[in-house]
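Please read the structure below before turning to the comments.
The values are calculated or read from the model by the stated rules, or taken from the named source; none is laboratory data. Only a predicted model underlies this, so the values are computations on that prediction, with no experimental measurement involved. No Cβ is skipped: glycine too gets one built from the backbone with ideal geometry, and neighbour counts run over all protein chains shown. The protein model used for the area step is the full one, side chains on, heavy atoms only, and it has no ligands, DNA or RNA in it. Shrake-Rupley method; radii C 1.70, N 1.55, O 1.52, S 1.80 Å.
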Amino acid sequence: MGTITLIERDSRQSHNIKRGDLFHVPAGITVYLTNTDNNERLVLANILHSVSVPGDLQFFSVGGGDPESSFYNAFSHEVIEAAFNVDRESAQKLIGQRKQQQDVFKKATKEQIRSLAGEDKGRLWPFGDRKETTRHTSIYKNKPSVANENGILHEVDSKDFPDLQDINVAVSFFNITRGSMAGPFYNTKATQVLMILNGVGRFEMACPHLSEQTTRTRTGEINPRYEQVSSELRHGTVVVIPVGHPVVIEASGEQNLEVIGFGLNSDENEWFPLAGRENVLSQWEDEALELTFGFPAQEVKRVIQKQNQKLFFKGPARRGRASG
Amino acid sequence: MGTITLIERDSRQSHNIKRGDLFHVPAGITVYLTNTDNNERLVLANILHSVSVPGDLQFFSVGGGDPESSFYNAFSHEVIEAAFNVDRESAQKLIGQRKQQQDVFKKATKEQIRSLAGEDKGRLWPFGDRKETTRHTSIYKNKPSVANENGILHEVDSKDFPDLQDINVAVSFFNITRGSMAGPFYNTKATQVLMILNGVGRFEMACPHLSEQTTRTRTGEINPRYEQVSSELRHGTVVVIPVGHPVVIEASGEQNLEVIGFGLNSDENEWFPLAGRENVLSQWEDEALELTFGFPAQEVKRVIQKQNQKLFFKGPARRGRASG
Amino acid sequence: MGTITLIERDSRQSHNIKRGDLFHVPAGITVYLTNTDNNERLVLANILHSVSVPGDLQFFSVGGGDPESSFYNAFSHEVIEAAFNVDRESAQKLIGQRKQQQDVFKKATKEQIRSLAGEDKGRLWPFGDRKETTRHTSIYKNKPSVANENGILHEVDSKDFPDLQDINVAVSFFNITRGSMAGPFYNTKATQVLMILNGVGRFEMACPHLSEQTTRTRTGEINPRYEQVSSELRHGTVVVIPVGHPVVIEASGEQNLEVIGFGLNSDENEWFPLAGRENVLSQWEDEALELTFGFPAQEVKRVIQKQNQKLFFKGPARRGRASG
């Protein structure tokens, strides 16, 4: 389907890409990608982690063709000629003559594709002279964390893929059955960035930020108020879930909803369900339930123990048709 | 005196609280507290550590009774009914009907208190199926770092209580004898937040920030100037000591002064005394003392070696009556 | 040439200083320096690492002589007298009477110098009662990372000098032969601060920040533009190289250029050459070269493989006279 090549100071690593593959591209190394398929689009979801000023990212390109798109072009002619030990004419070849404006994306010939997708992919160059650093894994590496008729969750964190440790990121992949939903749940430490890959759906989040009705009680304590943030979801929608915020992700009745999630600041993060099995309420003592909800504990427990699925539930659409 | 309950995804941990206990409540887990004493007030000093945006803290409450105080209320009816797999009437029980505004603090019956303070406290639920994480210790765990007739210092850091490592916090407890004082001393790495628990006193700090008289010498070097920041201290006073700032904490002549201190960014922090035993000056070479103070080293040493106590000294009030 | 003394809570460490020595002075500890040479100036390059608010540094001085320059002077008379357990007259000796304004630099007598530079230097006081912490190394500790006729690079990082680990700093020293140059190269993770110690030269950097011509291509991708940032270099010039930015450092034809570099945020940093041996381009596959530069790979490789030196090359000045 495609290839990725990572170039480090003393090695070159190339891999054939397949669905679910995860790659860690450290800051400062050269990377290039090929779509080797004639028909299918190659889609990648990137999370970029700035190494210096947060949010400030710079791309450095050797350009080619168009001199203005090459950082070599920023140096004096004399310096470039000295660095490469060549005359001006040869240096110009590298920096390029002004031609038509070039895209970051370039069309390769069939021969070039064939060569780039060649049989030595997945191997390291130069061969054998250094320990292979992995730099890649698959979201399907582990058994699913949760799997039932309503959905499947795959997760990869730094224990599974040590490259994630440096950047403190975890990756998850939700495949929510049509008409079903994930959550409500929340993350204890991580901010989660979701991106919809396939399907259509809806997102609801409880948010204390928006409320202007937060009031103080007689004893001066803050009594928080929550409002709903919601959004339609479709291919390419990006959703940011701040830490601690309860969310529900719903698939439409028409097709499964595929969502990739990047957990930022994920060290020691856990997600806690707020309904169904392993619901945080299910461990409260009877007295705490009574004092909080103002009903006998047995009645509260009847409600919170009814749902026996974990994380993924029949959604409103599907429930109408189901026995649930 | 009280109980605390911490609820994690797959365990519940309850403890009876006694004076000096320290608890680590990780972000995102549920916690509730009971005062089991009929007469005495339960006082807790909290240091809150934000996991995402510094200084931005959000409380998430399941509420109960008052629907607006529950984050469940931010979700659509259909979503909540699907999540709990119940009808609207049952869901309403959980989210609650609007009743009188509820406090975060709730009055429990004697029976509820008795049950919450029951004999299985200090144990973990469910019993036996996972390694107990500590999550608690006592400020009295170690022998005092310093103890003399003028005061006692207890300290707990991440070596004593590994939970403190993640949040890079250390805890200290000063009990300063009436009429005595602690310091001058300074912290090498940590910013320290003090809170007065009992007693009355006074606080002095040397602060270079306030000085507008900082001048440059002939050689262009900055010659710092210091001004005094001072405050009366009483129950509930909070004082922030920036890293490196020399401070003195004085107890009034009437009663002991009890102070809890949270050291933020405490990794590799040390406190250095600026008078008395282990005073930083006491290790200077004679030539350095002479060049700095402009007097023969022997004279300087006579002054800096006179005080032979460590950290806690007779304060101005008590000295008048003492032989010192 | 000089001495440095570091005073910690329970030890004093003194060292004779020689060219290339590196010292780690942790925040909050007392330090003093002596130039023991009658004629030569003692030059130190410092990188200051703030422990609390980034960029906010405070110096705390016991002063001496001038009362306003001592932080002891910020405390009440009564507090200082109690702390040192002395009468007012003795306390005044410590805080000092107002005399002429004092410099941070003080002139020592020959006897004081002789004593401070005495034979017990390099030893720890008090002797034998604690494990020696190193706190120092030399930039010349390791063999040079690169050495050819055009220059020498020495590097020390946290693997060589564990004290650097806490502050995430690496140190490098470039000695560039007159008429030669270092680079183009870039750092993958670190921001580098250069300071010129000796010689005269020139600095060029490719910078995407300054470009207002960054345009979007037909496909909506950002096509970066680079401009040159350049500077004359002489004794005391400080240059900041943001992470990822390609740079060239050129020595004039008259004398060698000596440059000290502090790499900030240096964990896992590598520098990658952009010309000559181990050039990042030299590992690209033929198809990638062709697609980028728009010329047959063989022609591109003829240019990028011509230079066979590593990092240090003959500069424009020297090339005119050389056979290169």
task: Can you list the distances in nanometres, one decimal and ascending, from the residue A:297 label point to the identical position in each other copy, with the point 7 Å along Cα to Cβ?
output: 7.2, 7.2
- prompt: In angstroms, what radius of gyration and Dmax does region C:140-321 have, counting Cα atoms only?
  reply: 17.5, 54
- prompt: From the label point of residue C:45, set 7 Å along Cα to the beta carbon, how far off in nm is each other copy's matching point, shortest first?
  reply: 4.5, 4.5
query: For region C:1-28, list residues with backbone N below 12 Å from a point placed 7 Å from the Cα of residue C:134 toward its Cβ?
result: C:22-24
statement: The rounded separation in angstrom of the Cα centers of region B:279-322 and region C:77-94 is 9 Å
task: Calculate the spin-label point distance for residue B:299 paired with residue C:166, positioning each point 7 Å from the Cα along the beta-carbon direction, and give it in nanometres.
output: 3.7 nm
query: Using a cut-off of 19 Å between alpha-carbon atoms, which lysines can reach residue A:159, once sequence neighbours fewer than 8 places away in the same chain are excluded?
result: A:141, A:143, A:189
task: Starting from the Cα gyration tensor of region C:1-42, multiply each eigenvalue by 5, take the square root, and state the resulting semi-axes largest first in whole Å.
output: 21, 10, 8
statement: Given a Förster distance of 22 Å, the FRET efficiency implied by the Cβ-Cβ spacing of residue A:228 and residue B:238, rounded to the nearest 0.05, works out to 0.05
Distance in nm between pseudo-label sites at residue A:306 and residue A:88 (7 Å out along the Cβ direction from Cα): 8.4 nm
- request: Give the nm distances, rounded to one decimal, from residue C:87 to the matching residue in every other copy, measuring between label points 7 Å along Cα toward the beta carbon; shortest first.
  value: 9.3, 9.3
task: Starting from the Cα of residue B:314, draw a straight line to each of the lysines and keep only those under 16 Å, dropping any in the same chain fewer than 8 residues away.
output: B:306
- line: Once accessible area is computed for B alone, C alone and the pair with a 1.4 Å probe, the total buried surface, to the nearest 100 Å², works out to 5500 Å²
